[in-house]
Amino acid sequence: MRKRKTNIFAGIDWILVLFYIVLVFFGWINIYAASMSETHHEILDFSSLYGKQLQWIGLSFLLIIIIISIDSKFYERLSGVFYIISVLSLAGLFIFGASINGATSWYNFGGFSIQPSEFAKVGTVLALANFINEPSSDLSNFKSQLKAFLIILLPAALIVLQPDPGSALIYFFLLVILYREGLPAYYLVIVFIAIVLFIMTLYTGFITSILIIYGILTLFFAYIINYKKFPFKREWYKIIILYTVAGLFIFSVDYVFNHVFDQRHRNRFSIVLGKTSDTKGIGYNTHQSMITIGSGGLTGKGFLEGDRTQGNFVPEQHTDYIFSTVGEEWGFLGSSAVIIIFVAFLLRLIQISERQKSTFSRVFGYSVAAIFFFHFMINIGMVIGLLPTIGIPLPFFSYGGSSLWGFTILLFIFIRLDADRTYVW
């Protein structure tokens, strides 16, 4: 057994820390540009949005010191406790939560609000990593698969019911991590088919989708029964199960879309799918965002020189649409630089995940990388009109203390785990 490290900074990956500082700093600069006004332009004006974000950034560095001061085994041993707290915090929203923009996703404490879904990601990936790390865990076994799915689906279901479907999508992205750790590939095939059915159901409706899928299945089984000597008498029940599952899935998608999703969510999907065009209503934000990004040209208009940003053409530009500020004031070159930094950051996360000596640390690291990638991909996609607006923040850029702290906790727990990877207990 080696002697416990006395220097909490020993083994810290300073490259990841540098990425964090650069992204947070540049993110704050753009929040300042998007939220400053004639009455709020002093850098230390803590009543402004950028001033509040500066406070949260300062507190984040205190949070970082606390995280890396705690022994890495602490996170593994108490992963179940963190998960239970995460689930309870999500469930408590249905009783004590405040509704903002149609979703009951926040706890209000006076003038201070917390979004527990941002912290629930931490508890979920800790619990998932701990479960996969158990000697009895085998993702080729259905029982282990079911347990892993339940760990992911429980918080996701609670978030969907808020309703906040955008934030819930990130949990399903963790299936890629399960595949990395031994989940059979056919689950990814099932997910791909589910995505196709999901899009088709939204585009064509319940009846048309059922007719198309049942028609394809019927033709397929007619072919294999007649020409491939399919043992129908022995396997007929599998065909019935497949028809039933496909029908129930299409029905559930149609039901959730029409009865669980808010009208604003339905409208956004309809716009992205090309079923409707609405540049003045629900599609106004995305339309203005695309114009704002395009107006930046190659080199941008310059810091604080974005007339569309200063004119508040893009609603909520300091949150979900913060990248439009980057596009206008820093142009194509600045936007490309931000994307390159994010990609390099993600590659570094993957590289460090691969060098971990414990399954727990490796799974947690890959989960962190997956979460950051999902947020990055979806946010950029919705800002440029490729994906529907679903309220996914851009890590370290979008305004908000909950998202900043949630991402900070995820990253620096992993940095702590990596720093202790050579320590033998």
TODO: Give me a count of the residues in the range 298-327 that are hydroxyl-bearing (Ser, Thr, Tyr), in a helix (DSSP H, G or I) and more than 24 Å from Met377 (Cβ to Cβ).
DONE: 0
Open item on the list: Any residue that is in contact with a Pro (Cβ under 7 Å, 6 or more places away or on another chain), closer than 19 Å to Tyr366 by Cα and not acidic (Asp, Glu) - is there at least one of those in the range 87-105?
Closed with: no
TODO: Sort out which residues of the range 377-421 are outside any loop (DSSP other than H, G, I, E, B) and closer than 16 Å to Leu346 by Cβ, and write them in order of number.
DONE: Met377, Ile378, Asn379, Ile380, Gly381, Phe407, Leu410, Leu411, Phe414, Ile415, Asp418
Task: Members of the range 106-127 found to be under 20 Å from Ile392 (Cβ atoms), in contact with a helix residue (DSSP H, G or I) (Cβ under 6 Å, 6 or more places away or on another chain) and of a type outside the set (D, E, K, R), listed by number - done: Ile114, Gln115, Pro116, Ser117, Phe119, Ala120, Val122, Gly123, Thr124, Val125
Task: Pick from the range 154-199, criterion buried (at least 17 other Cβ atoms within 10 Å of the Cβ) and within 25 Å of Tyr243 (Cβ to Cβ), ranking: farthest from the chain's Cα centre (by Cα) - done: Leu197
TODO: Of the conditions (1) surrounded by 14 or more Cβ atoms within 10 Å (Cβ to Cβ); (2) modelled with pLDDT of 95 or more, Thr325 clears all except one; give me its number.
DONE: (2)
TODO: Collect the residues in the range 291-322 that are closer than 20 Å to Thr389 by Cβ, free of Cβ contacts under 8 Å to residues at least 24 places away in the same chain and either surrounded by 24 or more Cβ atoms within 10 Å (Cβ to Cβ) or of a type outside the set (A, V, I, L, M, F, W, C) (or both), keeping them in residue-number order.
DONE: Arg308, Asn312
- [ ] Go through the range 79-100 and give me each residue that's free of Cβ contacts under 8 Å to residues at least 12 places away in the same chain and more than 17 Å from Ala157 (Cα to Cα).
- [x] Val81, Phe96, Ser99
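The values are calculated or read from the model by the stated rules, or taken from the named source; none is laboratory data. All figures in this text were calculated on a predicted structure; none of them were measured in a lab. As a convention, Cβ positions derive from the backbone with ideal geometry for all residues, glycine included, and neighbour counts pool all protein chains shown.
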